[in-house]
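Below is one structure, written out as structure tokens; the observations come after it.
Read-outs: derived from the displayed coordinates by stated rules, not from any lab. These figures come from a predicted structure and were not determined experimentally. Neighbour counts are summed over all protein chains in view; Cβ atoms, including those assigned to glycine, are modelled from backbone coordinates with ideal geometry.
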Amino acid sequence: MLKNINPLLNAEILYALAAMGHGDEVVICDAHFPADSVARQTVLGRVLRVDGASAPRVVRAVLSVLPLDTFVDDPAGRMEVVGDASTLPAVQREAQREVDDAEGRDMPFASIERFAFYERAKRAYCVIATGEARGYGCFIFKKGVQLAADAPEGGTR
């Protein structure tokens, strides 16, 4: 057991998040997403699983250790609802609160059309599948850097 690490972040997920570089992307998806087939095309090449946890809980856990990219306009994206790009289902509103809390400011999700989301997910570093049963609990996050001035004493993370 490690101190101050969210218990949803197992060793495989921590390894993948640490191995990612600036600009790499991580997908957090619901139980309906074709996680296994998409993950086979990612850099990591296999799906990471957090069964039994909701997508917003996994977003909170991941963003507790992953800095978002501040050099791009949209470091956080969501799969848009088919036929109604402006609709934000409850799962996306909950995840939005987790992003805002992690960043300490409002950081609205970019809306990504469903099939464009699938294609972008295939180019991600990794896919983390959750036990989220609600549809549209699918998100993409671009990793940033933590500047030494913002890091805990002793370096960057």
The rounded separation in angstrom of the Cα centers of segment 106-149 and segment 6-64 is 9 Å
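Please get the size of the charge dipole for the chain, origin at its Cα centre, with Cβ charges of +1 on Lys and Arg and -1 on Asp and Glu, quoted in debye to the nearest 20. Walk me through the intermediate numbers first.
Details: 18 positive and 22 negative charges, 88 e Å.
The calculated dipole for the chain is roughly 420 debye.
Would you order ARG46, ARG60 from fewest to most other beta-carbon atoms within 10 Å of each residue's own beta-carbon?
Sorted ascending by nearby Cβ count, the order is ARG46, ARG60.
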With the 8 Å Cα cutoff and a minimum separation of six or more residues, the chain has a relative contact order in percent of 42 percent
Counting sequence-distant residues (5 or more places) and residues on other chains, those with an amide H built under 5 Å from that of THR70 are VAL145
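Rounded to two decimals, what is Rg over Rh for the chain when you use alpha-carbon atoms and the Kirkwood radius? It would help to have the intermediate numbers written out before the result.
Numbers: Rg = 14.6 Å, Rh = 15.5 Å.
Expressed as Rg/Rh, it is 0.94.
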